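Here's the structure, in structure tokens; my notes come after.
Nothing in this text is a laboratory measurement; each read-out follows from the coordinates by a stated rule. From a predicted model like this one, the values you see are computed outputs, not experimental measurements. Every residue, glycine among them, receives a Cβ derived from its backbone with ideal geometry; neighbour counts consider all protein chains shown.
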There are 2 protein chains.
Amino acid sequence: MIRLAYGRMLRDALDGEHGLPREQLGDLARRFTAVREEVQSRRAAGEYGFYGLVDQGPTVRAIKTFAEGLGQAHDHVLVLGIGGSALGTKALLNALRRPGWNEWDDEGREFFPRLTVLENVDPTSVAAALERIDPRRVLVNVISKSGGTAETMAQYLVVQAWLEKTLGQAAHRHLVFTTDPSRGALRELAQRDHVPTLDVPADVGGRFSVLSPVGLLPAALVGIDVDGLLSGARRALERSETDDLLQNPPALYAALHWSADLTLGARVHVLMPYTDRLREFAEWYRQLWAESLGKRVDRSGKVVHLGPTPVAAVGATDQHSQVQLFMEGPFDKVITFIAVEDFGVDLPIPNPPDLSEALPPDLAYLPGHTLGELLQAEYQATSAALAQMGRMNCTLRFPDLSADTLGEAIMFFQLATGYAGAWYGIDPFDQPGVELGKRLTYAAMGRPGYVSEKSDQSLSDVV
Amino acid sequence: MIRLAYGRMLRDALDGEHGLPREQLGDLARRFTAVREEVQSRRAAGEYGFYGLVDQGPTVRAIKTFAEGLGQAHDHVLVLGIGGSALGTKALLNALRRPGWNEWDDEGREFFPRLTVLENVDPTSVAAALERIDPRRVLVNVISKSGGTAETMAQYLVVQAWLEKTLGQAAHRHLVFTTDPSRGALRELAQRDHVPTLDVPADVGGRFSVLSPVGLLPAALVGIDVDGLLSGARRALERSETDDLLQNPPALYAALHWSADLTLGARVHVLMPYTDRLREFAEWYRQLWAESLGKRVDRSGKVVHLGPTPVAAVGATDQHSQVQLFMEGPFDKVITFIAVEDFGVDLPIPNPPDLSEALPPDLAYLPGHTLGELLQAEYQATSAALAQMGRMNCTLRFPDLSADTLGEAIMFFQLATGYAGAWYGIDPFDQPGVELGKRLTYAAMGRPGYVSEKSDQSLSDVV
């Protein structure tokens, strides 16, 4: 079970000057009644569809059947998707498969396929992937909730032609689509071309969809324990079913961050796991937090222009990059650490083999410890140092890093985002700010019905 | 040559309400005289050592000799380093070698070695790398300016034992150290164990060192054109040798960002290249900007707690992640795009092969264009949309992405950082804020002379 340690959000554990006053916990707990009522009523109205993802037995069976059948026939899974259709899958692969997955040979991957996620229309990366991958051995999973995402559909047209060039009519046997149950161009193509499909539930938005077939199919294909993911997610959800804020981890997490933003101006929210294996998870979180909470108007339509800026970091690595700023810069940040208690593997830092050749004295403290101990010591030191410098921080403690705890963490952050939406008073499930950019893109690409708007930059202000 | 388009930093190109008033350009230009004088005098005093990196002929020859000699004998380069000893190398590999470099076979890599950078002490990633890599075919480049970086030296002890287990006394032939010319534990070990070394110039700090042997040796080993990097860097430096702010790209970049922060509260500085190949470059920039400018005190010792928060993004990908926040959230950001005009490769978006089976109408606008055109259209649309929403943004235009333009961009940002230090009135070359965390780590690890300070977290504030 994941635990949230939040003491260092509070003034009494910092420098006595910064941080939230302890009394605020009581205030937030009292106000939480209304927040939770709002969430519950919106949930009843179908807004919070992602809660339902912990209970999708038939879907999971279908995914497993697919992965154990057709999936087995391929040694490379190529995901075409962007944003919520890519970030979750990358996070699962990074966390739950061996580091450097695609660099291992078949045996090193226990005969599960390689996995490549194409999440951009950069011609160099798409061309390189298609040159490297054998079309006869690939399964292409095209993922788009709407079925009309420009980047994904452009990739698809390129990849489909690449498949057909080698495979001819058999190309469609290398395809599986994940899309809306009934609407959109991808659904239309699937029906016409007899491509197997999985559904993104209509009430689950892209950035909340990693525990739907969007993330679960690629995960199952590379041998990740999808039942474990969902059982962890279920635990997070169950722990969150209480009106007592101080017993409701994701709700408390949301309340503390909202309060730090609103009352102390701590608008930069950093997620800093102390493990390489959650690097992509921090990027997944970044989309979830940014796109859900960064909004122009509140629920009443009032212009508010609010939203914290999420920042992804990795410890210990970023102690040599971003931590100087976190320690000494403006008091505008909250740092959330993730500390994994047991990595399941560790490496002793050895003594030099020839004892007559002692190490330089500056290094003599290292042997006898392990890399894992050093990493833990660095996390504890960084958290303590930040507290001494008056910097709010909290920690999610993972007993280990498994499908179960990762599923719990995914649901924890989704729940926290849902609560944060209610605290901020905005709709965490829309993304109206990207529409203008889409319209301008369509116009530039000559899509019927989109008129080119003036979008030229000044030619004079260039150096 | 890279061009900076900055019109959309100015109010008259935005919504008329946000952005910098055009008159500010004149004010900044007048104030620049003093800023440049300060930079010049500090440069004369030896503080801005990185300027000297464009002129290191003998070093470059030594690097090339090494890479063409001993380097050729290995098919994997393993870099042990962290922060400034890792981020630059990762950026060079990502930008200038084929995407997915380590996944290509020998021919696909033109017989240059694979390259792995270990930049953490996470036991899972270190263990996986050592299990995957053949010690008989590896060259290990240990990089630490001080020679005493805890993470790197712990890695080194683990890796050295791993080499010796297979290679015995021959282990040292698989090592090369990059460190301070005269001081530190790594230098001491090199002399004792007869390990070849390259120098990090004493006056060049870690985060400004990618164009020193720190980045150039790994680059040369994987076949990157180091002369090209330096010729580009030289051009950036030459263009910056003017007192006219409006003709001095990195100085103008620094001035506009400082002014946006100080006068408009735009304290989040986003770097968003529209190409996968600069993803790691944005992370390199993030360290440079964060660690250089995030400071507690100014040059006079006054407590200021300032520093912008740099954020890394990638277009078009992050249009589906962070851009909603950039468009609609607080007016606290400046976005810098990088737009590459010619990728050297492009992929047409094909028409469906069977014209009788037309695409769904929603997708009919795509065929006939290329992926590169779509990417360009998305960059232009996003920049224009941000401007319409009153969001400051500017663009670095790269004619192509080559060693020459990347070297120019590296030096551009280093110069901009040096100028920004002068605008902010702080020392951009120190990092005093990380010392406390180091002391607490040493204490926890039992290093002599470091006394354990109270660093326990409250056990009660946990849920």
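Under 8 Å for C-alpha pairs, at least 6 residues apart: give me the relative contact order for the range A:1-102, rounded to a whole percent.
8 percent
Could you size up the charge dipole of the range A:62-118 around its Cα centre, putting +1 on the beta carbon of Lys and Arg and -1 on that of Asp and Glu, and report it in debye to the nearest 20?
Working: 6 positive and 7 negative charges, 63 e Å.
That gives a dipole near 300 debye.
Filter the DSSP H helices in chain B by two things, a Kyte-Doolittle mean of at least -0.5 and an axial alpha-carbon span of 18 angstrom or more, and list the hits by number. Intermediate values should be presented prior to the final figure.
Numbers: long enough: B:23-44 (32 Å, -0.96); B:150-167 (25 Å, 0.31); B:226-239 (20 Å, -0.21); B:249-264 (21 Å, 0.55); B:279-293 (21 Å, -0.86); B:371-388 (25 Å, 0.19); B:403-424 (31 Å, 0.55).
Result, helices passing both filters: B:150-167, B:226-239, B:249-264, B:371-388, B:403-424.
How much net charge surrounds A:GLY390 when only the other residues with a Cβ under 14 Å from the Cβ of A:GLY390 are counted, with Lys and Arg +1 and Asp and Glu -1?
Values: positive: A:ARG8, A:ARG11, A:LYS333, A:ARG391, B:ARG296; negative: A:ASP12, A:ASP15, A:GLU17, A:GLU328, A:ASP332.
Residues close to A:GLY390 contribute a combined charge of 0.
Which one, A:SER231, A:ALA219, A:PRO249, is farthest towards the positive end of the dipole of the range A:199-256 when Lys and Arg carry +1 and Asp and Glu -1 on their Cβ?
A:ALA219
Give, rounded to the nearest 20 debye, the magnitude of the charge dipole that the range B:325-409 has about its Cα centre when Lys and Arg contribute +1 at Cβ and Asp and Glu contribute -1 at Cβ.
Details: 3 positive and 13 negative charges, 83 e Å.
The dipole magnitude comes to about 400 debye.
Please report B:SER231, B:SER144 as a ranked list, fewest other C-beta atoms within 10 angstrom at the top and most at the bottom. Mind showing how you got there, number by number?
Numbers: B:SER231 15, B:SER144 30.
Going from sparsest to densest Cβ surroundings: B:SER231, B:SER144.
Give the order of A:GLU241, A:GLU103 when sorted by the count of other beta carbons within 10 angstrom, beginning with the fewest.
Details: A:GLU241 11, A:GLU103 19.
Result, fewest neighbours first: A:GLU241, A:GLU103.
How large is the convex hull of the C-alpha atoms of the protein assembly as shown per residue, in Å³? Show your work: numbers first, answer last.
Numbers: hull volume 137.2 nm³, N = 926.
In the protein assembly as shown, the Cα convex hull volume per residue is 148 Å³.
Please give the FRET efficiency for B:LEU167 paired with A:GLU17, using the beta carbon to beta carbon distance and R0 = 51 Å, rounded to the nearest 0.05. Show your work: numbers first, answer last.
On the way: r = 56 Å, r/R0 = 1.09.
Between B:LEU167 and A:GLU17 the formula returns 0.40.
B:GLU378: net charge of surrounding residues, Cβ under 14 Å, Lys/Arg +1, Asp/Glu -1, itself excluded? Before the final figure, lay out each step's value.
Working: positive: A:LYS438, A:ARG439, A:ARG447; negative: A:GLU119, A:ASP122, A:GLU151, A:GLU435, B:ASP276, B:ASP318, B:GLU373.
So the surrounding residues net to -4.
Distances from A:LYS302 to the same residue in each other copy, label points 7 Å out along Cα→Cβ, in nm, shortest first?
Here A:LYS302 shows inter-copy label distances of 3.7 nm.
Where the centroid of each part is defined by its Cα atoms, how far is the range A:81-111 from the range A:273-289 in Å?
14 Å
I need the inter-copy label distances for A:GLU68: point set 7 Å along Cα to C-beta, values in nm with one decimal, smallest first.
Nearest to farthest, the other copies are at 5.9 nm.
Fewest Cβ neighbours within 10 Å first, please rank B:LEU211, B:LEU118, A:LEU459 accordingly.
Working: B:LEU211 26, B:LEU118 23, A:LEU459 8.
So the ranking, lowest neighbour count to highest, is A:LEU459, B:LEU118, B:LEU211.
Based on Cβ point charges of +1 for Lys and Arg and -1 for Asp and Glu, what charge dipole magnitude is obtained for the protein assembly as shown about its Cα centre, in debye rounded to the nearest 20? Intermediate values should be presented prior to the final figure.
Values: 88 positive and 118 negative charges, 181 e Å.
With only Lys, Arg, Asp and Glu charged at Cβ, the dipole is about 860 debye.
Under a Cβ-Cβ cut-off of 10 Å, what is the net charge of the residues other than B:PHE343 that fall near it, where Lys and Arg count +1 and Asp and Glu count -1? Kindly include the intermediate steps, with their values, before the conclusion.
Working: positive: B:ARG277; negative: A:ASP122, B:GLU341, B:ASP342, B:ASP346, B:ASP400.
With Lys, Arg at +1 and Asp, Glu at -1, the neighbours total -4.
Sorted from largest down, what three extents in whole angstroms do the Cα atoms of chain B have along their principal axes?
Its Cα atoms span 70, 68, 59 Å along the three principal axes.
Specify which residue in the list B:ALA161, B:GLY407, B:LEU278 is farthest towards the positive end of the charge dipole of chain B, using unit charges on the beta carbon of Lys, Arg (+1) and Asp, Glu (-1), about the Cα centre.
B:ALA161
Kindly provide the helix-only [θ] at 222 nm of chain A, computed as the sum of -39,500 (n - 2.57) over DSSP H runs of four or more divided by all residues, to the nearest 500 deg cm²/dmol? Please list the in-between numbers first.
Values: 14 runs with 191 residues, N = 463.
Mean residue ellipticity at 222 nm (helix-derived): -13000 deg cm²/dmol.
Would you kindly work out, in nm and rounded to one decimal, the distances from the label point of B:ARG43 to those of the same position in each other copy, ordered shortest first, with label points 7 Å along Cα-to-Cβ?
B:ARG43 label point versus its equivalents elsewhere: 6.1 nm.
In whole angstrom, note down how far apart the Cα centers of the range A:346-421 and the range B:199-243 are.
What the calculation gives is 33 Å, centre to centre.
Run the reach check for A:LYS295 against lysines, Cα to Cα strictly under 18 Å, same-chain hits fewer than 8 apart removed. What comes back?
Here the lysines satisfying the reach criterion relative to A:LYS295 are A:LYS438, B:LYS333.
Considering the options B:LEU359, B:VAL345, B:THR124, tell which one lies farthest towards the positive end of the dipole of chain B, charges being +1 on Lys and Arg and -1 on Asp and Glu at the Cβ, about the Cα centre.
B:THR124
Can you list residues whose amide H is under 5 Å from B:GLY315's amide H, if they're 5+ apart or on another chain and H is modeled 1.01 Å from N?
Under 5 Å from the amide H of B:GLY315: B:TYR274, B:THR275.
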